[in-house]
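Remarks on the structure that follows.
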Amino acid sequence: MSNYQLAVIGAGPGGYVAAIRAAQLGLKTVVIENQDVGGTCLNRGCIPTKALLHAAEVYHQAQNARELGLEIPETGYHMGRIHDRKLKIVLQLRGGVEQLLKSNKIDLLHGTATITAPHEISVMGSDNGQITADHILIATGSVPARPPIAGLDSPGVVTSDEVLEGDPIDYKSLVIIGGGVIGVEFATFYNRLGCEVTILEAMDRLLPTMDREISQNLGMILKKRGVNVQTGAMVQEITSKDGILCCRFRKGDQEESVQAQGVLVAIGRRPNTESLFGPGIEPQTERGRIVTNDDFSTSLENIWAIGDVTSRIQLAHLASAQGIAAVERIAGHSPSIDLSLVPSCIYTDPEIASVGLTADEAKAQGLSVKTGKFMMAANGKTLIEGKDRGFIKVVCDEETDVLLGAQLMCARATDLVSEFANAISNRLTAEQMRRVIRPHPTFTEAVTEVLEDLEGQAIHAAPKRRLAK
């Protein structure tokens, strides 16, 4: 029986990053994974989804090349080759993760792990056996949630995992149940390829956890592009006839239905704890997620947990940060990462990102705030690249001028948000951020503009006000 100082269950972005940090700190470490290294993010989530979205965006640009003065005689796409390129990217990155584990002298066991005692793990699969560990870190992630809807097991009803790992299907019509992050990203992909897309969202708006203005703008953009967006829609039943699926849903007092070639269930993900605990090993849980304290320790001694299996916020970069922090705690060090600030990113077109507090959240905490807003229609790079409507909003403490939050809906929002995250983490003021010269023409110029708007000085957003000073 092999003994380790740390056993990590799950080789996703939380698990493999934690294992590497543990090895760097001198801990003898093993990682146990029952599928492919990289977890959901690399194999069935973030990376493959963004590869598909990039292909759809290039196809859209080619279709509209005439607006740039270009003549492309014929445009088309091949769904199989789009997925082939996606797989090529996944395999390249997966190989990189495997090499990182190997170069850091981390043992990798392939099989399903079951914790049988506080320091013991049984591994069933290609690498059968028993191991012991001083500490066990659970990083098993999440799996797609499947709501109790009649007909959900009908042929043609799929989850995001099945879309990304199964045989490519070139849908001509698709119903997406769920208007959260997964739903709107897949809606963007299929809509760009000409698919007739319907989104059924139970809440009163898309992206219900995001800033309301962002949700409303995205809804208008998708509708303008031909997506049938139905909010306040409770799906009652899915039926199938002659290869066509029918979703029956209720909106208020009205019963409605929509037909499509396929149905994608995208209502979110639930913690993955199947086969994880043996008899008598029962950590405290809450609605399926493993409960941890601020140090990521569970109710069971020497058993820790991070990532989607514990968190209400399911993000790969958060899982990685938690993995590093947890291992540093295990090794007796203080965490090196600020875990209080988690950027959220959505890869629609335009992209969406946010970090810190919205104005409403800040006011709810009793803070006096000032806000700035810049419309990206006045940004040169946005016009050059023909990007859709968008904006950046910032929230600052009115008394201290310290930046509290930012919400972005624009091209490169998922890159731009890091500048705001860095500023919030280091408690920079708007004045300190304004001192930076940002190059022209770039999307980052908008950061300067929105900060200027805080003081009513935005050069492009309000030229008359600027000249009047």
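Structural remarks
- Selection of region 123-134 for residues being within 32 Å of the chain's Cα centre (by Cα) and over 15 Å from residue 107 (Cα atoms) yields 124, 125.
- All positions within region 58-86 that are within 30 Å of residue 169 (Cβ to Cβ) and either of a type in the set (Val, Ile, Thr) or not in a helix (DSSP H, G or I) (or both): 58, 64, 72, 73, 74, 75, 76, 77, 78, 82
- Residue count for region 227-273, restricted to those that are free of Cβ contacts under 8 Å to residues at least 40 places away in the same chain and either in contact with a His (Cβ under 8 Å, 6 or more places away or on another chain) or over 17 Å from residue 149 (Cα atoms) (or both): 8
- When each of 76, 125 is tested for being touching a His at 6+ places or on another chain (Cβ under 9 Å) and either within 30 Å of residue 281 (Cβ to Cβ) or not aliphatic (A, V, I, L, M) (or both), the lone residue that passes is 125.
- Unmet criterion (only one of (1) among the aliphatic types (A, V, I, L, M); (2) surrounded by fewer than 17 Cβ atoms within 10 Å (Cβ to Cβ); (3) assigned by TED's automatic domain parsing to the domain that holds residue 455) for residue 362: (2)
- Enumeration of residues in region 149-170 that are touching a helix residue (DSSP H, G or I) at 6+ places or on another chain (Cβ under 6 Å) and hydroxyl-bearing (Ser, Thr, Tyr): 160
- Residue match in region 16-38 (condition: in a strand (DSSP E or B), in contact with a His (Cβ under 9 Å, 6 or more places away or on another chain), in contact (Cβ under 8 Å) with a residue 60 or more places away in the chain and farther than 25 Å from residue 182 by Cβ): yes
- Any hit, region 307-327, residues being assigned to a helix (DSSP H, G or I), touching an Asp or Glu at 6+ places or on another chain (Cβ under 8 Å) and of a type in the set (D, E, K, R): no
- Boolean, residue 113 is surrounded by 23 or more Cβ atoms within 10 Å (Cβ to Cβ) and more than 24 Å from the chain's Cα centre (by Cα): yes
- Within region 349-374, being part of a strand (DSSP E or B), over 22 Å from residue 184 (Cβ atoms) and hydrophobic (A, V, I, L, M, F, W, C) holds for 369, 374.
- Hey, residue 51 of a type in the set (Gly, Ala, Ser) and either over 30 Å from residue 8 (Cα atoms) or surrounded by fewer than 16 Cβ atoms within 10 Å (Cβ to Cβ) (or both) or not: no
- Restricting region 172-201 to residues that are touching a residue at least 60 places away in the same chain (Cβ under 8 Å) and assigned to a strand (DSSP E or B), the residue that is farthest from residue 145 (Cα to Cα): 196
- Flag if residue 383 is exposed (fewer than 15 other Cβ atoms within 10 Å of the Cβ) and part of a helix (DSSP H, G or I): yes
- With respect to the stated conditions, residue 416 fails to be assigned to a strand (DSSP E or B) and either within 17 Å of residue 448 (Cβ to Cβ) or modelled with pLDDT of 95 or more (or both).
- Residue ID - nearest to residue 222 (Cα to Cα), chosen from residues in region 406-422 that are among the small types (Gly, Ala, Ser) and surrounded by fewer than 23 Cβ atoms within 10 Å (Cβ to Cβ): 411
The values are calculated or read from the model by the stated rules, or taken from the named source; none is laboratory data. Owing to the predicted nature of the structure, the values given are computational and were not obtained by experimental measurement. Note that we place each Cβ from the backbone using ideal geometry, even for glycine, and neighbour counts take in every protein chain shown.
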